[in-house]
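Peer 1: Would you mind keeping the following structure in view while I ask a few things?
The values are calculated or read from the model by the stated rules, or taken from the named source; none is laboratory data. Just so you know, these numbers come straight off a predicted model, no measurement behind them. Backbone-built Cβ (ideal geometry, glycine too); neighbour counts: all protein chains shown. Note: areas computed on protein heavy atoms with side chains; ligands, DNA, RNA excluded. Shrake-Rupley method; radii C 1.70, N 1.55, O 1.52, S 1.80 Å.
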Amino acid sequence: MSVTLTRKQVLIADGAMLFAAVFWGSGFAVTSWLLDYMSPLWLLTVRFLASGGILMCFLWNRVKKLRRKHVVLGILLGGVLAATFIAHVVGLLYTTPGKQSFIAGSNVVMVPFLYALFYKRLPSLLATLGAFVTTVGLLVMAFTPGMSFNLGDGLSLLLAVGIAFHVLLVGNLSRRMDPVALTVVQLFASGVFLLTLSLVLEPIPHFGDVSPKVWWGIGYIVAFVTVIPFFIQTVAQRYSPETHAAIILSMESPFGYIIAIALGEEMLNLQIVLGGALILAGVFLAELEIFLERRK
């Protein structure tokens, strides 16, 4: 990360990613509901092709300025994103939205280790400590006596690994190329990858039979769970360290759980409150780093 960044820039970036986490948190419950009406791969195909297509229409002038190697890197990032979301939606067929949101949130503790592996250096002590505290909070919130680990939970763990890799790749690429164009390329490429798999693995759905309320739900995940938060993440990670970003974005898990509670799919209890407090403590440690190490 560049040392020329100011404290204000990092705080604004972290605040923006917190905003994105709220939208991503809402996506668990909405996607789970939509899976009752559309198959997993076709739901993802519609989501990402529509998202990428919308951005491509408005931002084509930014995309066409990319160098060829940057386009290729954006396409590869889109492949990682597609694989991650396949684990997300298929996992939801076998586990609950609340449980998946917390297992997926475990990516926060993976990022410091992957960061050290890729960059051959450790992230800051405060950021690493914040990642561990946040993960403990996620585990506290997710744990129930006698809980079982099923196929959906295993896929949710793969989702967590995919998210961790995605955070690292976005952080790296957003500093090497136009982050706005990168957002467009990765979303559209994901849609193309998913369309190919859908045509091979699933029957084409009768889109004319899809009810208006389902289309409204799809519209919500396209605009508010895909276009807006991915745009925010890609641009904001240009100004925030990877471990920092993982901690802030992990807030999607408690937000996802709160929304699941509001929809009657989960129950609120003292354990949830305690876990949430630990997660907030992890976020506080990450933000404290800004004030201790950045004097600008």
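Peer 1: Among 107, 72, 150, whose Cα lies farthest out toward the positive end of the dipole of the chain, if unit charges sit on the beta carbon of Lys, Arg (+1) and Asp, Glu (-1)?
Peer 2: Working it through, the farthest residue towards the positive pole turns out to be 72.
Peer 1: So for each of 67-80, 105-118 I average, over its residues, the number of other beta carbons within 10 Å; can you give me the resulting order with the highest mean first?
Peer 2: Highest mean packing first, the order is 105-118, 67-80.
Peer 1: Could you tell me the accessible area of residue 287 in Å² (1.4 Å probe, neighbours in place), rounded to the nearest ten?
Peer 2: That residue has around 30 Å² of solvent-accessible surface.
Peer 1: If you put +1 on each Lys and Arg Cβ and -1 on each Asp and Glu Cβ, how big is the dipole of the range 22-179 around its Cα centre, in Debye rounded to 20?
Peer 2: Here the range 22-179 has a charge dipole of around 960 debye.
Peer 1: Return, ordered by residue number, the residues of the range 235-258 whose backbone nitrogen is under 16 Å from a label point located 7 Å along Cα→Cβ of residue 6.
Peer 2: 239-240
Peer 1: Could you pull out every whole DSSP H run in the chain that spans at least 18 Å of Cα extent along its own axis and averages -1.0 or higher on the Kyte-Doolittle scale?
Peer 2: 7-34, 40-63, 68-92, 125-142, 151-173, 179-201, 270-293
Peer 1: Evaluate the distance, in nm, between pseudo-label points positioned 7 Å from the Cα of residue 37 and of residue 151 along their respective Cα→Cβ axes.
Peer 2: Between residue 37 and residue 151, the simple spin-label model gives 2.5 nm.
Peer 1: Got the relative contact order for the chain handy, in percent, Cα pairs under 8 Å and 6 or more residues apart?
Peer 2: Over the chain, the number comes to 42 percent.
Peer 1: State the Cα centre-to-centre distance between the range 80-112 and the range 232-261 in whole Å.
Peer 2: Going from one Cα centre to the other spans 14 Å.
Peer 1: Could you tell me which residue out of 130, 231, 174 lies farthest along the dipole of the chain toward its positive end? Charges go on the beta carbon: Lys and Arg +1, Asp and Glu -1, centred on the Cα centre.
Peer 2: 174
Peer 1: For the chain, what are Rg and Dmax over the alpha carbons, in angstrom?
Peer 2: 18.5, 59
Peer 1: With a ≥ b ≥ c taken as the square roots of the eigenvalues of the C-alpha gyration tensor of the range 18-132, please select rounded if a/c is under 1.5 and otherwise prolate if a/b is larger than b/c or oblate if it is not?
Peer 2: Here the range 18-132 falls in the oblate category.
Peer 1: Right, here's the next one. Which value, in Å² rounded to 10, gives the accessible area of residue 220 with a 1.4 Å probe and all protein chains present?
Peer 2: Rounded to the nearest 10, that gives 70 Å².
Peer 1: Sort 138, 288 from largest to smallest accessible area, using a 1.4 Å probe on the heavy atoms of the protein chains.
Peer 2: My answer, sorted largest first, is 288, 138.
Peer 1: Tell me the carbon and sulfur percent of the accessible area for the chain, rounded to whole percent, probe radius 1.4 Å.
Peer 2: Carbon and sulfur atoms account for 74 percent of the accessible area of the chain.
Peer 1: May I pose another question? Assigning unit charges at the beta carbon (Lys, Arg +1; Asp, Glu -1) and nothing else, what dipole magnitude in debye, to the nearest 20, does the chain show about its Cα centre?
Peer 2: The dipole magnitude comes to about 1460 debye.
Peer 1: Another one. Quick one: order 204, 279 from most to least accessible surface, probe 1.4 Å. Before the final figure, lay out each step's value.
Peer 2: On the way: 204 105, 279 0 Å².
Final ranking, largest accessible area leading: 204, 279.
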